[in-house]
Amino acid sequence: MNDIINQLTTYFSYPFVRYAFIAAILIALCSSLLGVILVLKRFSFIGDGLSHVAFGAMAIAAILSLTNEMLLVMPVTVLCAILLLKQSQAASGVRGDAALAMLSVGAMAVGYLLLNIFSTSANISGDVCSTLFGSTSILTLSRTDILVCVVMSLIVILTFVFMYNRIFAVTFDESFARASGINADACNLLIAVITAVIIVLAMNLVGALLTSALIVFPALSAMRLFAAFRQVMIASALTAVVSAALGITASILFSTPVGATVVVVNAAVFLLCCLFKRA
Amino acid sequence: MRLLTCKNLDIGYHDGLVARDINFHIDEGDYLCILGENGSGKTTLMKTILGLTPPIAGEIIFAGGLIAREIGYMPQQTLLQRDFPASVWEIVLSGTLGKSAGQGVQRFFYSAEQKKTAAANMQRLGIKDLAGKCYRDLSGGQKQRVLLARALCAASRMLLLDEPAASLDPKATEELYVNIKKLNDEGLSIIMITHDLAAARAYANKTLTIGKDIVFHE
């Protein structure tokens, strides 16, 4: 036990470990708030698809050796989120889910292909692996990454606090919300942009393939336990924060990959919630 | 007093006309039933009145100070709502958002007045004791009363109901019709889409049948 405490104190005495810890928790918090909306709107697959797109964009950014990959990845993902939203609402053309499937596998294939042909890195499979499954250690997050995370997360959280009533109305019943004069299109656009932003941020922490776990698991756990929207939002946020904290601590102690550990903790919490009956 | 007139109205979406040359009018205290087969354009007509779908041709004229945003709307229940985690209170309260949208100032949180409106309308429909209950645990009849209370929060003079009795058992249907009639007697004008001819005969003073021919009957 003393060993464990010693190990953790050593780790947390480094400021960059503390910053990474805070960034990770903020990302988990944002994803969980958004997750409730996406799950209820039946849009969880959009989160998954977008993370594949973000991988493709990341690959291109790596080839161009951009100093800040975010500058390319963020706009591309946001744009795709908006396109997907429009497509899923359109009555004609390629159906939303089919369009998404095409886009996501297409982006993955192009990304990997380009990396293989043009990459100057000596360790391609290592690069690909950490983009897909997250950095092997939170220590590899750069200071800029963390700063961006904190600022973006705060913006997302504030948006949720102030737009809470409108987001609820649009999620529960879009026709009614429109009829009572709420700008539902603007609300949906906001949600699409936030989804893209969160996915790009979460990719740093858990990798492209695991981002949708951060979005979906806390929301589903909370819905198992609670029946009112406000309670579900709060429970989802708490679950996400606790799972992220536990997961990161465990990954430090057992030197396991951060992303996978956090996701496994989230999944375990969900299973635990399934055992309890809703109050 | 005349509230609403539809004149030579053609309705539809950008990819096609659904129904054409609709003419009818609603006065204060009227109860209009819209009848017609599935796909004939009943819901499209409602959305056009509410301003959610632009009319293809013709006019909708509001009078007597009525505006589209102040019409209470009770849409058909969606699949998505069936397992939605929300309390009755949260849902009814969301009906008051339209009022705050019209004040010019963007309000982010519910005012005391909005809460009062929600509570009053729940009282009006006898669902005050359900406030803390989860929507997905309610019976079909209770769900419709919740959505009706929400619509009332937005409505001051007119209610639009889209097949409110769909998927209700006969007893709950009867209760709902009695509630709607009560609101009508209190002065609200009602426009209701229904397949229930008996109800239309019993409660409505005007009917509009949409089909190959559009028939307005006063």
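The values are calculated or read from the model by the stated rules, or taken from the named source; none is laboratory data. Note that the structure is predicted; figures quoted are calculated from it, not measured. Virtual Cβ from ideal backbone geometry, glycine too; neighbours counted across all protein chains shown.
Just a few scattered comments:
- Looking only at the range B:1-54, and only at residues there that are part of a helix (DSSP H, G or I) and touching a residue at least 24 places away in the same chain (Cβ under 8 Å), the one that is surrounded by the most Cβ atoms within 10 Å (Cβ to Cβ): B:LEU45
- Just one of the numbered conditions (1) within 11 Å of chain B (Cβ to nearest Cβ); (2) within 21 Å of B:LYS133 (Cα to Cα) is not true of A:ILE234: (1).
- Elements of type helices (runs of 4 or more DSSP H) contained in the range A:166-230, each with 1 or more residues being polar (S, T, N, Q) and within 7 Å of another protein chain (Cβ to nearest Cβ): A:174-179
- Top-ranked residue of the range A:236-254 - restricted to ones that are surrounded by fewer than 22 Cβ atoms within 10 Å (Cβ to Cβ) and without any contact (Cβ under 8 Å) to a residue 60 or more places away in the chain, ranked as farthest from B:SER87 (Cα to Cα): A:PHE254
- Failed criterion for A:PRO15 (all others in (1) more than 13 Å from the chain's Cα centre (by Cα); (2) modelled with pLDDT of 90 or more hold): (2)
- Filtered by the rule that a residue be modelled with pLDDT under 75 and either over 18 Å from A:LEU214 (Cβ atoms) or β-branched (Val, Ile, Thr) (or both), the range A:138-175 gives A:ILE138, A:LEU139, A:THR140, A:SER142.
- Residues that are modelled with pLDDT of 85 or more and more than 7 Å from chain A (Cβ to nearest Cβ), drawn from the range B:79-94: B:VAL88, B:TRP89, B:VAL92, B:LEU93
- Taking residues in the range B:166-188 that are on the phi > 0 side of the Ramachandran plot, and partners anywhere that are part of a helix (DSSP H, G or I), the pairs with Cβ atoms closer than 8 Å and at least 6 places apart or on different chains are B:SER167/B:GLY140.
- Count of residues meeting criterion [facing chain A (nearest Cβ under 7 Å) and at pLDDT 70 or above] in the range B:96-108: 3
- Qualifying positions in the range A:18-59 - of a type in the set (D, E, K, R) and more than 11 Å from the chain's Cα centre (by Cα): A:ARG18, A:LYS41, A:ARG42
- Among residues of the range A:149-165 that are closer than 12 Å to A:SER31 by Cα and within 14 Å of chain B (Cβ to nearest Cβ), those with a Cβ under 6 angstrom from a residue that is modelled with pLDDT of 90 or more and part of a helix (DSSP H, G or I), sequence gap 6+ or separate chain, pair up as A:PHE160/A:LEU33.
- Of the helices (runs of 4 or more DSSP H) that lie entirely inside the range A:1-95, those containing 2 or more residues that are within 14 Å of another protein chain (Cβ to nearest Cβ) span A:15-40, A:70-89.
- Here is the figure for the range B:136-148: residues that are in contact (Cβ under 8 Å) with a residue 60 or more places away in the chain and among the aliphatic types (A, V, I, L, M) total 2.
- Members of the range B:196-208 that are surrounded by 18 or more Cβ atoms within 10 Å (Cβ to Cβ) and of a type in the set (S, T, N, Q): B:THR207
- The set of residues in the range B:61-77 that are in contact with a helix residue (DSSP H, G or I) (Cβ under 9 Å, 6 or more places away or on another chain), more than 7 Å from chain A (Cβ to nearest Cβ) and at pLDDT below 85 comprises B:ALA68, B:GLU70.
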